[in-house]
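Asks: Can you read through this structure? Questions will come right after.
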Amino acid sequence: MKVYKFGGASLKDAEAVVGLGNLLRSKNDRPLVVIVSAMGKITNAFEETVHSYFKNHKQRSKNLERIKQYHHTIIDQLFDTPQRKLISNLDALYVEIEQFFQNEFHDDHAYVYDQIVVYGELISSQIISYYLNYIGLDTKLIDSRNCIKTDSYYRDANVDWTKTVDLINHHVDPHQITLAQGFIAGDLKGNSTTLGREGSDYTAAIYGYALDAKSVTVWKDVRGILNANPQIFEPTVLINEISYREAIELAYYGASVIHPKTIQPVQRKKIPFYVKSFKYPSKAGTKIGLGHKIQPKVSCFIKKEKLVLLKISTLDFSFMIEKNISEVFGLLYQYQMKVELTQNSAISFSVCFYNKYQRLVELISTLKQNFKVIVYRNVTLYTIRHFNQEAIDRVTSNGKKILLEQRGQETVHYVCV
Ligand code: ASP
């Protein structure tokens, strides 16, 4: 069994879906599980629809209309004959969405989000399954909400592995192609859940783990894993091979190639994980596995923007020791800050974090009751793995002001403005 995953960019229009069909035909890997995301930017469109559920009802119907239109254009271009059953299946999905909106109002944003955003994947998997069968690739469509069971932590649900492994093995066809949605899952109450944005990579790893797959391949619109985001750092180098551990480190520090939770399940079963280009499917791409730590040996650059840096010291300039630091951490946890980096000296404690839930003002005012606080908003955190002087110069030149530097054996961080 192998697992393939296709993300939004590889499904963004009819041509891309035709490309997926060609790829499955030419690779001829059977049995195969194919995980698909929503098409193009449809998850964003559904996010806006959820937003308008709470804010602006008129906008909501407009959004939904645009979503329908987008998919209908793709269907029109994919099929030469009318696909009545497909259209009626999609209509049934749109009716479910409308009904949800017309039912009693729910004020839990994360719950509403998951009940609605999953339709991006439900629609795309319907279209793709009809298309694959239409071109003669026998495909069984299953619903990941019935296979991946999670808790009810909406928008970032946690997998119940025992139930999930059983259910996946029960639903997947061990002989042909099984098609399933990425990103979406179901809780024990029968509600939809999601695994976090860009979560389909993780879904592919979950199916791979449950099925003891021979390999998991994520087909992307990039050549593989690069040593930096080409929109930020040029030139970039393709990484041919990277260890599970190194891939986890990169994802943890914010490299946007792979969803951070993805690697652990495949690592546990030592399943090779490939990142390849759907445009050049015969190229090797990147292999994540047991072998080399990183090949070729290059520095990797990661940039995280829009963070906050606080420099905290005691009011009487006494030492920042365990008691004070634990108080600060308690507050960071209480105000749901996502900490990226900390550093302490004798009299000051610095912390760089992402103000995800917009609670910075509250945090600062509480901190100021007991501490002196210097606040830097909108700072950028640069991380370099496997650094050398040239890599450091690349990041720290251009007149950036360095507010904090932290060096380990293999990693250096700079917080800059
Ligand atoms: N469709 C979801 C998203 O855009 C999941 C994914 O593509 O991985 O985040």
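Asks: K283: in contact with a His (Cβ under 9 Å, 6 or more places away or on another chain), open to solvent by 80 Å² or more (accessible area, probe 1.4 Å) and within 28 Å of N240 (Cα to Cα), yes or no?
Replies: No, not satisfied.
Asks: Kindly indicate whether any position in segment 199-210 is within 16 Å of the ligand (Cβ to nearest atom), crowded, with 23+ Cβ neighbours inside 10 Å, β-branched (V, I, T) and closer than 17 Å to Q115 by Cα.
Replies: No, there is no match, as no residue in segment 199-210 is within 16 Å of the ligand (Cβ to nearest atom), crowded, with 23+ Cβ neighbours inside 10 Å, β-branched (V, I, T) and closer than 17 Å to Q115 by Cα.
Asks: When only residues in segment 151-185 that are within 16 Å of the ligand (Cβ to nearest atom), within 18 Å of H109 (Cα to Cα) and free of Cβ contacts under 8 Å to residues at least 60 places away in the same chain count, which is surrounded by the most Cβ atoms within 10 Å (Cβ to Cβ)?
Replies: A185
Asks: Right, next: Looking at segment 110-119, can you tell me whether even one residue there is open to solvent by 20 Å² or more (accessible area, probe 1.4 Å) and away from the ligand (no atom under 16 Å from the Cβ)?
Replies: The answer is yes, given that some residue of segment 110-119 is open to solvent by 20 Å² or more (accessible area, probe 1.4 Å) and away from the ligand (no atom under 16 Å from the Cβ).
Asks: Could I ask something else about it? Residues that are more than 21 Å from S144 (Cα to Cα), at pLDDT below 95 and open to solvent by 50 Å² or more (accessible area, probe 1.4 Å): does segment 5-23 have at least one?
Replies: No, there is no match, as no residue in segment 5-23 is more than 21 Å from S144 (Cα to Cα), at pLDDT below 95 and open to solvent by 50 Å² or more (accessible area, probe 1.4 Å).
Asks: Looking at this structure, is K270 modelled with pLDDT of 95 or more, surrounded by fewer than 19 Cβ atoms within 10 Å (Cβ to Cβ) and under 25 Å from T178 (Cα atoms)?
Replies: Spelling it out, K270 is indeed modelled with pLDDT of 95 or more, surrounded by fewer than 19 Cβ atoms within 10 Å (Cβ to Cβ) and under 25 Å from T178 (Cα atoms).
Asks: While we're looking at this one, here's another question. Of all residues in segment 309-326, count the ones that are surrounded by 15 or more Cβ atoms within 10 Å (Cβ to Cβ) and not hydrophobic (A, V, I, L, M, F, W, C).
Replies: The total comes to 4.
Asks: Kindly indicate whether S88 is under 26 Å from L195 (Cα atoms) and either open to solvent by 10 Å² or more (accessible area, probe 1.4 Å) or modelled with pLDDT of 95 or more (or both).
Replies: Considered against the rule, which asks whether it is under 26 Å from L195 (Cα atoms) and either open to solvent by 10 Å² or more (accessible area, probe 1.4 Å) or modelled with pLDDT of 95 or more (or both), S88 comes out as no.
Asks: Could you give me the residue pairs with C-beta distances under 9 Å whose first residue belongs to segment 3-19 and is closer than 22 Å to Q176 by Cα, whose second residue is more than 11 Å from the ligand (Cβ to nearest atom) and of a type in the set (S, T, N, Q) wherever it lies, and which are 6+ apart or on separate chains?
Replies: Going by the 9 Å Cβ cut-off, the qualifying pairs are V3/S215; V3/T217; Y4/T217; K5/T217; V17/Q77; V18/Q77.
Asks: Please go through segment 116-137 and give me each residue that is outside any helix (DSSP H, G or I) and within 26 Å of the chain's Cα centre (by Cα), ordered by number.
Replies: Matches in segment 116-137: V118 only.
Asks: Among the residues of segment 122-145, is any surrounded by fewer than 24 Cβ atoms within 10 Å (Cβ to Cβ), over 24 Å from R25 (Cα atoms) and either small (G, A, S) or more than 16 Å from the ligand (Cβ to nearest atom) (or both)?
Replies: no
Asks: Now, a different point. Counting only residues that are of a type outside the set (A, V, I, L, M) and modelled with pLDDT under 95, how many does segment 101-138 have?
Replies: Of the residues in segment 101-138, 9 are of a type outside the set (A, V, I, L, M) and modelled with pLDDT under 95.
The values are calculated or read from the model by the stated rules, or taken from the named source; none is laboratory data. Since the model is a prediction, treat every value here as computed from it, not as a measurement. So basically every Cβ, Gly included, is an ideal-geometry build from the backbone, and we count neighbours across all protein chains shown. Note: areas computed on protein heavy atoms with side chains; ligands, DNA, RNA excluded. Shrake-Rupley method; radii C 1.70, N 1.55, O 1.52, S 1.80 Å.
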